[in-house]
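For reference, the structure is listed below as structure tokens.
The values are calculated or read from the model by the stated rules, or taken from the named source; none is laboratory data. If you're wondering where the values come from, they're calculated on a predicted model, not measured in any experiment. As a convention, Cβ positions derive from the backbone with ideal geometry for all residues, glycine included, and neighbour counts pool all protein chains shown. Please note that ligands, DNA and RNA were not included when accessible areas were found on the heavy atoms of the full protein model with its side chains. Shrake-Rupley method; radii C 1.70, N 1.55, O 1.52, S 1.80 Å.
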Amino acid sequence: MRHFFVLLAAVALAAACGGPPHDEEADQSAGQSDPGQEDRRLEGTLAPTVEEGGWVLKTEEGDFLLLNLQDYPTQPWFREGALVKAAGQVDAGAVTIYMQGTPFRVESIEPAED
């Protein structure tokens, strides 16, 4: 039980030291934007992540961890080695359980024409 209270205190301290909340409206009104959130189009090859359940898109720029895939993995063309085109945004701040690739929030993904 003592370990629980030590852990709880550590979490509370970490939360208290997090600094002031980020004001997105102030950023937008000042004309600032997050460069990691710009719309991107990628083309590459699908591959499963080392950890079960995830997918990466292997491109010339590097590996991108595909987030927000919805029902795409149930499509017949969605398989390891498939050449695909994806549209979305890089989200370098995303927290995931996967240890591969740059997080990429998918808006759409489809087979690439050969």
Estimated D of the stretch 68-114 in µm² per second, where Rh is the Kirkwood radius over Cα pairs and Stokes-Einstein applies at 37 °C, 0.692 mPa s: 276
Identify the trypsin sites (Lys or Arg not before Pro) of the stretch 30-114 meeting these criteria: DSSP loop state and at most 16 other C-beta atoms within 10 Å of the C-beta. Arg79
Virtual spin-label span in nm between Arg41 and Glu107, 7 Å along Cα→Cβ: 1.2
List Ile109, Ile97, ordered by accessible area with a 1.4 Å probe, largest first: Ile97, Ile109
Expressed in square angstrom to the nearest 10, the accessible area of Thr74 with a 1.4 Å probe stands at 110
Binning at 5 Å from 0, report for the stretch 30-114 what percent of all alpha-carbon pair distances ends up in each bin. 3, 15, 28, 27, 16, 6, 3, 1, 1, 0
Under a Cβ-Cβ cut-off of 14 Å, what is the net charge of the residues other than Val50 that fall near it, where Lys and Arg count +1 and Asp and Glu count -1? -3
Measure of exposure for Leu69: accessible area at 1.4 Å probe, Å² rounded to 10, is 20
